[in-house]
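Worksheet for the structure shown next.
The values are calculated or read from the model by the stated rules, or taken from the named source; none is laboratory data. The shown structure was predicted, so the numbers you read here are calculated from the model rather than taken from an experiment. Glycine gets a Cβ as well: all are built from the backbone with ideal geometry, and neighbour counts include every protein chain shown.
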Amino acid sequence: MEYFTQFPITSALIAANIVASLIAFSAHDFFEQNLFRIAPVLKNGEWHRLVTSAFLHVNGLHLFVNMFVLFMFGPILERVLGAGGYLLVYFAALTGASLWMLVDKRDSPDYSAVGASGAISGVVLAFCLFQPFQMLYLFFIMPIPAVVFGIGYIALSFWLSRRESTMVAHGAHLGGALAGLAATVLVYPEVIGIFMRQLTGAA
């Protein structure tokens, strides 16, 4: 309970994702009306899908993984950036992820996707700016400095997004990560100095 009172924004985002996803699991029409799909957005102007799709998930495991990462990293940004700054970063990453995919897949009208991973990519990459040498555990096993993880994540997401056939929206991860980084610098310009001081101090 203490977590929810200390980090109300992260708690609210997790709750919104859980509620929307649980509804979508059993209500096919709700899912279809809110997922990200190119044709309804570009042809019918259903722009709400850019946002609503980021609160839906395909199954329980998909939901759990995204919410676990948000549960771990969200409070750090919420504490540093405050409620308004944190929300701006989260929704900038969310929107950046959707817009990247909209441009990238504009010639694939049937392309569809759901999930909060684009927004959460922005949250994790923002964390890497504040704590570049904090160890993150790749696949929960391999320790890797946050700055190395961040660079590798962006590079790998870009490479994988160029592949023709993939079940994962790597382009959304890339767009969310880049938008999250940009929004963090906009909201908290001091982060550049924090990041550079840690890099030079470690040299």
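When the residues of segment 127-165 are filtered to those that are among the aliphatic types (A, V, I, L, M) and not in a helix (DSSP H, G or I), the one that is surrounded by the most Cβ atoms within 10 Å (Cβ to Cβ) is Leu136.
Regarding Ala39, is this residue under 30 Å from Val185 (Cα atoms), assigned to a helix (DSSP H, G or I) and not hydroxyl-bearing (Ser, Thr, Tyr)? Criteria not met by Ala39. Within this structure, Leu87 passes the test of being within 18 Å of the chain's Cα centre (by Cα), surrounded by fewer than 20 Cβ atoms within 10 Å (Cβ to Cβ) and closer than 16 Å to Phe73 by Cβ.
Within the option set Leu102, Leu77, Leu70, being within 27 Å of Ile38 (Cα to Cα), touching a helix residue (DSSP H, G or I) at 6+ places or on another chain (Cβ under 6 Å) and either of a type in the set (Val, Ile, Thr) or at pLDDT 95 or above (or both) holds for one residue only, Leu70. Hey, does segment 189-203 have a residue that's surrounded by fewer than 22 Cβ atoms within 10 Å (Cβ to Cβ) and under 30 Å from Leu22 (Cα atoms)? The answer is no, given that none of the residues of segment 189-203 is surrounded by fewer than 22 Cβ atoms within 10 Å (Cβ to Cβ) and under 30 Å from Leu22 (Cα atoms).
Looking at segment 49-66, which of the residues that are of a type in the set (A, V, I, L, M) and buried (at least 21 other Cβ atoms within 10 Å of the Cβ) is nearest to Phe4 (Cα to Cα)?
Residues of segment 49-66 that are of a type in the set (A, V, I, L, M), as a first pass: 50-51, 54, 56, 58, 61, 63, 65.
Add one more test, that the residue is buried (at least 21 other Cβ atoms within 10 Å of the Cβ), and what stays is 54, 56, 63.
Values: Ala54: 22, Leu56: 22, Leu63: 19 Å.
Result: Leu63.
Output the qualifying pairs, or none if there are none: Cβ atoms under 7 angstrom, residues six or more apart or on different chains, first residue in segment 12-23 and more than 15 Å from Val114 (Cα to Cα), second residue of a type in the set (A, V, I, L, M, F, W, C). These pairs meet every condition: Leu13/Leu70; Ile14/Met67; Ile14/Leu70; Ile14/Phe71. With the structure loaded, tell me whether Ser112 is surrounded by fewer than 16 Cβ atoms within 10 Å (Cβ to Cβ), farther than 29 Å from Glu2 by Cα and among the polar types (S, T, N, Q) or whether it fails that test. No; evaluated as a whole, the condition is false for this residue. Among residues that are part of a helix (DSSP H, G or I) and either surrounded by 13 or more Cβ atoms within 10 Å (Cβ to Cβ) or small (Gly, Ala, Ser) (or both), Val124 is included. Would you point out the residue of segment 90-109, among those that are crowded, with 24+ Cβ neighbours inside 10 Å and not aromatic (Phe, Trp, Tyr), that is nearest to Leu186 (Cα to Cα)? Within segment 90-109, the match that is nearest to Leu186 (Cα to Cα) is Ala93.
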